[in-house]
Structures are given as structure tokens and as C-alpha cells.
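Read through the structure below, which is laid out as C-alpha cells, and then see the notes.
No value in this document is a laboratory result; all are computed from the given coordinates. This is a predicted model, so every value here is computed, not measured. Positions of Cβ are backbone-derived with ideal geometry, glycine not excepted, and every protein chain shown enters the neighbour counts.
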């Protein structure tokens, strides 16, 4: 049997990443090893590491190039507006302010310190 266990995103600054995901989003830190950090998110783990650290362990060339993101992380919260304002006030780039969708869900979009697209959304009813 196979199950989805974790996602690791590559970052440039572990301190900024920890501040965003732990201090602003409130995710508990599960483990830290050098530049590698795991956050508890329920049954799966969200982890981050620098490209340099991964290159030292895995025989795969991870490109330095950054550009258009092809991933979106969604975080469910009961108070999208407050979380969005907290992130905005901390100086992070915002993409879409809290907006009520036709299906009744409130969503907002921000970028994390490495430009990953982050959706903040209310629970689906």
C-alpha cells in the first residue's frame, strides 16, 4: 500500500520560511535538521529545505533557476481575513484579498518568502 506522506519545497532562506509558516500561519514544527524543517499539517508533512543541502545528499541536479510556480499550497482557516491581514502587515506579497466565491468559500492568495503561491481559505460547508 502506498500513501502520500509529505511534500518538500526548496527554499533560499530557512529562517524566513520558518517565520512565515510557523510564526504567521501557526504551523507546529515537527522536526528541524540544519536547513531542513518539517511542519505538522495533519496526516501529511509539509517540509522545506535549501537546494544546496539537497544537492549534497541526492545525485540529481536541482536547477538554481526560479520562475513561475507550478504549485499551490492551500491552508484552511476559520478567519481568512485576519490571517491575510497578518501576512500582509508582515510585508509579504499579496495576490488576491479575501474574496467570497460563488460556492460560499472565502479565499485569499499570498506569496511565501520564496514566491510559492499560498491559498488561504475558509472550510467548505
- Residues residue 33 and residue 64, FRET efficiency given R0 of 30 Å [Cβ-Cβ distance, rounded to 0.05]: 0.85
- Query: Looking at the square roots a ≥ b ≥ c of the eigenvalues of the Cα gyration tensor of the stretch 24-104, which shape do they give, rounded for a/c under 1.5, prolate if a/b is larger than b/c, or oblate?
  - Reply: prolate
- Message: With a 10 Å cut-off between alpha carbons and a GNM built on the chain, which of 56, 82, 35 moves the most?
- Response: 56
- Query: So, in Å, what gap is there between the alpha-carbon centers of the stretch 36-59 and the stretch 63-123?
  - Reply: 21 Å
- Using the alpha-carbon atoms, what tilt in degrees (0 to 90, nearest 10) does helix 80-89 show relative to the longest principal axis of the chain? 60 degrees
- Which order do 1, 57 fall in if you start with the one that has the fewest other Cβ atoms within 10 Å? 1, 57
- Item | Protection-proxy order for peptides 41-54, 21-34, each taking the mean of Cβ atoms within 10 Å per residue, highest first | 41-54, 21-34
- Item | Along each principal axis, Cα extent of the stretch 1-60, largest first, Å | 36, 33, 15
- With label points built 7 Å along Cα→Cβ from the Cα atoms of residue 9 and residue 53, find their separation and express it in nm. 1.6 nm
- Task: Please report, in Å, the Rg and the Dmax of the stretch 71-125, where both are computed over Cα atoms only.
- Result: 10.5, 32
- Modelled label-to-label distance, residue 99 and residue 81, 7 Å Cα→beta-carbon offset: nm? 1.8 nm
